[in-house]
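A quick write-up on the structure given underneath.
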Amino acid sequence: MTMSLRFCAATLCLTPAPLLAEAPPAAPAASPSATPGEAVAKAPATTIANGYPAAANGEATTLNGYNLSRWAEDWRGMRDPKKRDDFLDRLKYLPLDGDGEVYVTLSGELRLRQNNTTNPNLREGAYQQQNINRLFLGADVHIGPHLRAFGEVAHGGISGKRLGAPAASLRNDLVYQQYFVEANGTVEGIAVGVRYGRQEFTDGPNLLVSQRDNNTIRYTLNGWRAWARGTRLRADVFDMKPTQYGDLGTGDDVIDDARRFSGVTLGAALPTTWFGGSKLYLDPFLWRRRNTKGAWGGRIGPAVRHYAGARLWGDVGPLTIDWSANRQTGSYIDQEISAWQVFLAQTYRVGSAKTAPRVGFHADYASGGGGYGQGKLRNAYAPFGNNIYYSYQLFLTPSNLVTLAPNLTVTPLEGVRVTAEYQRAWRDDVRDAVYRANGQPFAGTQNFRARRIADVARLQLVWTITPRVSFTGRYEHLAAGPALTDAGYKSSDFLAGWISLRF
């Protein structure tokens, strides 16, 4: 038996990507909510020979390239000067000892963005303009092959017109966004490890867990995560509490003790000979989310929600799929929870070239009912999923929701990707409300019985100017259906664009 471990006694908290992906492993296929890095192929990790495929290891490790979670980048290739193109490449591998086994990788991002929204909150009124800036700075310290500490600080600023009260995820003077220590090694050929501290967590369906890169300050959790990864099987266990952000300095960003997220996610790399050649992964999961201050239908009280589900995703020739389903049980105050979610996304590449057009659709179901205290609570709930998947304006969420959305992705020019989607959305239970991305209902919608919520037309353009510089443009028209208009809500248009520079 061989065994090597790593441990760090102190975190690196520097005082300080999407752009790269809303969550690799891939977010549901080809939705305009996807971000540039979802199309970036992930290179195999080099942590251990013949290890679990990097793209499916729960972190989507990227070799010599950019990742949404910057700690999931492996830049050891920059040890070779011949692979460096400029001084920024040098920042990816800064040796601290003569052997080069102790080194630092520096990372950062500057994002400048503007959002324009008509009829904010779907109420008739003057348009809203948000001018948003983001700055991330981070450092990844490796002490030999088995010891690591990562720290990242961030700033989020916002100005504009008719802003209301911006959330702390959009405005925060300075936040220690991530800081953790990690130890890992091998036991009988199995890669094992543990990570402790504040960190991003995305191991599961993108619609359930995501960094929420649409925000300026990302969603992070505090606690521990451990794993064991073989060549075809893996297991991850975790126990974490989310960060509750303030909007000033580092002292008001605290651990939210009212909420706790824990569980286990498994993974299996299926045989590549299936279906005449494929690359498929099956990820079952068992999770628990506890919240002492849960809110539904104007009531606030303790909630415990259990998730039992699985995700099947990957490629079968030109077909890319991302299918998942989960059963939710538990209790909320005096109600029993009984809910379901099913997410089915698929695209087909029309042609053999990597830039060939892709056509597809996603069909999704999230149960609803009981949100106002009648019988069982059948409203499905995502722990902290990708909020923009159904609406760039955050007006829809997978609770009491049924959607069908065909989409088309084309690459008209090198480095340019355009995705168009038309989505129809209905309520599952007409006696329950329509819910926003933050889980709050559109007030009054529970009093009307129309089923159709909205039609949503969306267009996204992503221009990868260089590997470090990209531009994203988004447009959305949400045509409110009777489930909204009967309660006095209006249609809305959304136009956004941003440029991101990263190193």
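The values are calculated or read from the model by the stated rules, or taken from the named source; none is laboratory data. Just so you know, these numbers come straight off a predicted model, no measurement behind them. Cβ placement follows ideal geometry from the backbone for every residue including glycine, while neighbour counts extend to all protein chains displayed. Surface areas here come from the heavy atoms of the whole protein model, side chains and all, with no ligands, DNA or RNA. Shrake-Rupley method; radii C 1.70, N 1.55, O 1.52, S 1.80 Å.
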(message) When the residues of region 242-294 are narrowed to those that are basic (K, R) and at pLDDT 95 or above, which ends up nearest to N57 (Cα to Cα)?
(response) K279
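When you look at R148, is it among the basic types (K, R) and in a loop (DSSP other than H, G, I, E, B), yes or no?
So R148 does not fit the description; no.
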(message) Which residue is farthest from F361 (Cα to Cα), if the candidates are limited to region 314-342 and must be among the small types (G, A, S), in a strand (DSSP E or B) and open to solvent by 20 Å² or more (accessible area, probe 1.4 Å)?
(response) S331
(request) Mind telling me which of the residues A443, A345 ends up being open to solvent by 10 Å² or more (accessible area, probe 1.4 Å), under 28 Å from T117 (Cβ atoms), of a type in the set (A, V, I, L, M) and at pLDDT 95 or above? (result) A443
(message) Going residue by residue through region 210-221, is there one that turns out to be assigned to a loop (DSSP other than H, G, I, E, B), open to solvent by less than 10 Å² (accessible area, probe 1.4 Å) and over 30 Å from I337 (Cα atoms)?
(response) yes
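Can you tell me which of A450, A457, A483 is in contact with a strand residue (DSSP E or B) (Cβ under 6 Å, 6 or more places away or on another chain) and either open to solvent by 40 Å² or more (accessible area, probe 1.4 Å) or over 17 Å from R123 (Cβ atoms) (or both)?
A457
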(message) Can you pull out every residue in region 250-290 that is hydroxyl-bearing (S, T, Y) and within 20 Å of the chain's Cα centre (by Cα)?
(response) S262, T265, Y281
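Would it be correct to say that T355 is part of a loop (DSSP other than H, G, I, E, B), open to solvent by 70 Å² or more (accessible area, probe 1.4 Å), over 29 Å from A425 (Cα atoms) and in contact with a strand residue (DSSP E or B) (Cβ under 6 Å, 6 or more places away or on another chain)? Before the answer, list the steps.
Numbers: part of a loop (DSSP other than H, G, I, E, B): yes; open to solvent by 70 Å² or more (accessible area, probe 1.4 Å): yes; over 29 Å from A425 (Cα atoms): yes; in contact with a strand residue (DSSP E or B) (Cβ under 6 Å, 6 or more places away or on another chain): yes.
It is true that T355 is part of a loop (DSSP other than H, G, I, E, B), open to solvent by 70 Å² or more (accessible area, probe 1.4 Å), over 29 Å from A425 (Cα atoms) and in contact with a strand residue (DSSP E or B) (Cβ under 6 Å, 6 or more places away or on another chain).
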(message) Residues to consider are P81, P95; find the one that is within 24 Å of N184 (Cβ to Cβ) and open to solvent by 30 Å² or more (accessible area, probe 1.4 Å).
(response) P95
(message) I'm checking my understanding of the structure. Among residues of region 250-294 that are more than 17 Å from D322 (Cβ to Cβ) and among the hydroxyl-bearing types (S, T, Y), which one is most open to solvent (accessible area, probe 1.4 Å)?
(response) T273
(message) Within region 163-170, does at least one residue satisfy the condition of being open to solvent by less than 50 Å² (accessible area, probe 1.4 Å) and at positive phi?
(response) no
(request) Exactly one condition in (1) open to solvent by 20 Å² or more (accessible area, probe 1.4 Å); (2) closer than 30 Å to Y281 by Cβ; (3) under 25 Å from the mean Cα position of the chain (by Cα) is not met by G189; state its number. (result) (3)
(request) Out of the residues in region 368-377 that are surrounded by fewer than 24 Cβ atoms within 10 Å (Cβ to Cβ) and either touching a strand residue (DSSP E or B) at 6+ places or on another chain (Cβ under 6 Å) or among the polar types (S, T, N, Q) (or both), state the one that is farthest from H306 (Cα to Cα). (result) Q374
(request) Have a look at N115, N119 and point out the one that is surrounded by 13 or more Cβ atoms within 10 Å (Cβ to Cβ), over 24 Å from the mean Cα position of the chain (by Cα), at pLDDT 95 or above and of a type outside the set (A, V, I, L, M, F, W, C). (result) N119
(message) Would you confirm whether or not region 302-313 contains a residue that is of a type in the set (G, A, S), surrounded by fewer than 16 Cβ atoms within 10 Å (Cβ to Cβ), over 18 Å from the mean Cα position of the chain (by Cα) and not in a strand (DSSP E or B)?
(response) no
(request) Identify, from the list S399, S470, the residue that is assigned to a loop (DSSP other than H, G, I, E, B) and of a type in the set (G, A, S). (result) S399
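Listed here are the residues, each with its yes/no results for (1) in contact with a His (Cβ under 7 Å, 6 or more places away or on another chain); (2) of a type outside the set (A, V, I, L, M); (3) farther than 30 Å from R229 by Cα.
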site: R260; (1), (2), (3): no, yes, no
site: L266; (1), (2), (3): no, no, no
site: F285; (1), (2), (3): no, yes, no
site: P302; (1), (2), (3): no, yes, yes
site: H306; (1), (2), (3): no, yes, no
site: G309; (1), (2), (3): no, yes, no
site: Y332; (1), (2), (3): no, yes, yes
site: H362; (1), (2), (3): no, yes, yes
site: Y365; (1), (2), (3): no, yes, yes
(request) May I ask you to verify whether G297 is closer than 19 Å to T347 by Cβ and either open to solvent by 20 Å² or more (accessible area, probe 1.4 Å) or of a type in the set (A, V, I, L, M, F, W, C) (or both)? (result) no
(request) Look through region 460-479, keep the residues that are open to solvent by 20 Å² or more (accessible area, probe 1.4 Å) and of a type in the set (A, V, I, L, M), and return whichever of them is farthest from R134 (Cα to Cα). (result) A479
(request) Specify which of the listed residues (D140, D97) is part of a loop (DSSP other than H, G, I, E, B) and not aliphatic (A, V, I, L, M). (result) D97
(request) Pairs only if they're at least six apart or on different chains, beta carbon under 6 angstrom, first in region 134-162 and open to solvent by 10 Å² or more (accessible area, probe 1.4 Å), second among the β-branched types (V, I, T) and in a strand (DSSP E or B); list them, first residue then second. (result) L137/V153; V141/V104; I143/V102; I158/I132
